[in-house]
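K.L.:
Just passing along the structure, written as structure tokens.
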Amino acid sequence: MLKKQTLDGNVETFLLVILNQGPSYGYAIVQDLNEKAQGLLNMGEGTVYPVLHRMEEKKLIASTWRQSDSGRKRKYYRVTPKGRKMLESKEQQWQTLSKTMELFLGPVETNHKPQNA
Amino acid sequence: MSYVLNKYLDRVMVYANCKENKVSDIRTELEDHLHKKIEDLQKEGFTKEDAIYKAIDDHGHPRTVGYGLRPKNTWLDVRSHGTARGFIAVGPKAVGVVAMGGQAYGIFAFGGFSVGLISFGGFALSLLFAWGGFAATMLGVAYGGFALAPIAVGGFAAGIISTGGVAYGLYVPGGGQVHSLYTLETLPSFLKWIWSYSESFIMDFTDVNQYISANKILVFVFLFLLFPMLYLQKKEMNRIQKQDPYLAE
């Protein structure tokens, strides 16, 4: 499980990645987030909303209200040009960081095998 | 809507303490999330009641969600739990320009454990001025039961210039049990300079002098700020209690 501090700084990037695939709403975003994270993230579903609202204040994402199939009002978020720019910058930073870390720590293991197997 | 769900959202909104024009939007958004989750859980085979409780459980503690939704960088942040952050911050932990709490970090910090430029409290650490049971200062003056500073005044005082019940220092102008390296006549010039500036602080503490000193002003500022901050804390608890007595317990 990731440490909370490590997570806090990156949730915005995760959300930008998800929203870059197309407009989405809170519940669906959380589902996508959990699916992509494969159980590595441990955060309450409700804690995504403060991050979304903060990102909206920073104008990284924008929102519109629409009617859902069930008739309820639903808030849809989409990435703004500023958000897309930030995502590109994060991707570049990650490329550089991951290459550097690989040089020192070796490639990332995708499957954890028991040591004495 | 279910009573439990409604109560949960009420509690989130109590902690969020948003402006009225935002309350409705936030509540509608969270409500939609929870309803959609409940529908999905029911499709998975949960009973409606179990689905409601699981949806709430997965959503997070109302305090965590609510505090997360609070506006950031406000002038005033008063919290009953967790860390308050604002220009003026009041809470169990407080971080702000003026901070008050069990742990307080700020320019002016008041609290059981306070760290700041000017700190008051049981355990006060500061850059310029500390006043408390244990007071330590890096550059300025510390007043307290146990004082450590370039200029230290207290029951037990240790510093370059110190005075108190038991005082250790390069120069100790007075006190009960004194351990001084220099006398006034033999003071090196840099200590004479410090002494000339610190004399009023020390004289004031030992109650020899009666004019207004920086110490008196700072203690007055502390008391002047303490009461409004205690009032704000009480007001926040009353607000929570009024909206949901369970949360104030």
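The values are calculated or read from the model by the stated rules, or taken from the named source; none is laboratory data. Bear in mind that the values here come from a model prediction, so they are computed numbers and not experimental data. For neighbour counting, all protein chains shown are included, and Cβ atoms are generated from backbone atoms with ideal geometry for every residue, glycine included.
Rundown of residues vs (1) within 11 Å of another protein chain (Cβ to nearest Cβ); (2) out of contact with any Ser or Thr (no Cβ under 7 Å at 6 or more places or on another chain); (3) assigned to a helix (DSSP H, G or I); (4) surrounded by fewer than 16 Cβ atoms within 10 Å (Cβ to Cβ), yes/no style:
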{"site": "B:38", "(1), (2), (3), (4)": "yes, yes, yes, no"}
{"site": "B:42", "(1), (2), (3), (4)": "no, yes, yes, yes"}
{"site": "B:50", "(1), (2), (3), (4)": "no, yes, yes, yes"}
{"site": "B:55", "(1), (2), (3), (4)": "yes, yes, yes, no"}
{"site": "B:63", "(1), (2), (3), (4)": "yes, yes, yes, no"}
{"site": "B:81", "(1), (2), (3), (4)": "no, yes, no, yes"}
{"site": "B:99", "(1), (2), (3), (4)": "no, yes, no, no"}
{"site": "B:105", "(1), (2), (3), (4)": "no, yes, no, no"}
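K.L.:
Now, a different point. What are the residues in the range A:18-49 that are more than 14 Å from chain B (Cβ to nearest Cβ) and part of a helix (DSSP H, G or I), if any?
P.N.:
A:18, A:19, A:20, A:36, A:37
K.L.:
Now, a different point. Examine the range A:58-80 for a residue that is more than 14 Å from chain B (Cβ to nearest Cβ) and in a helix (DSSP H, G or I), and state whether such a residue exists.
P.N.:
No, every residue in the range A:58-80 fails to be more than 14 Å from chain B (Cβ to nearest Cβ) and in a helix (DSSP H, G or I).
K.L.:
Test residue A:56 against the stated conditions and say whether it is without any contact (Cβ under 8 Å) to a residue 24 or more places away in the chain, on the phi < 0 side of the Ramachandran plot and within 14 Å of the chain's Cα centre (by Cα).
P.N.:
For residue A:56, the condition - without any contact (Cβ under 8 Å) to a residue 24 or more places away in the chain, on the phi < 0 side of the Ramachandran plot and within 14 Å of the chain's Cα centre (by Cα) - is not met.
K.L.:
So is residue B:198 buried (at least 18 other Cβ atoms within 10 Å of the Cβ) and modelled with pLDDT under 90 or not?
P.N.:
Yes: the conditions hold for residue B:198.
K.L.:
Okay, next question. Scan the range A:59-111 for residues that are in contact with a Phe, Trp or Tyr (Cβ under 8 Å, 6 or more places away or on another chain), of a type in the set (A, V, I, L, M, F, W, C) and surrounded by fewer than 15 Cβ atoms within 10 Å (Cβ to Cβ) and jot them down.
P.N.:
A:65
K.L.:
Given the criteria touching a strand residue (DSSP E or B) at 6+ places or on another chain (Cβ under 7 Å), within 11 Å of another protein chain (Cβ to nearest Cβ) and part of a helix (DSSP H, G or I), does residue B:28 qualify?
P.N.:
So residue B:28 passes the test.
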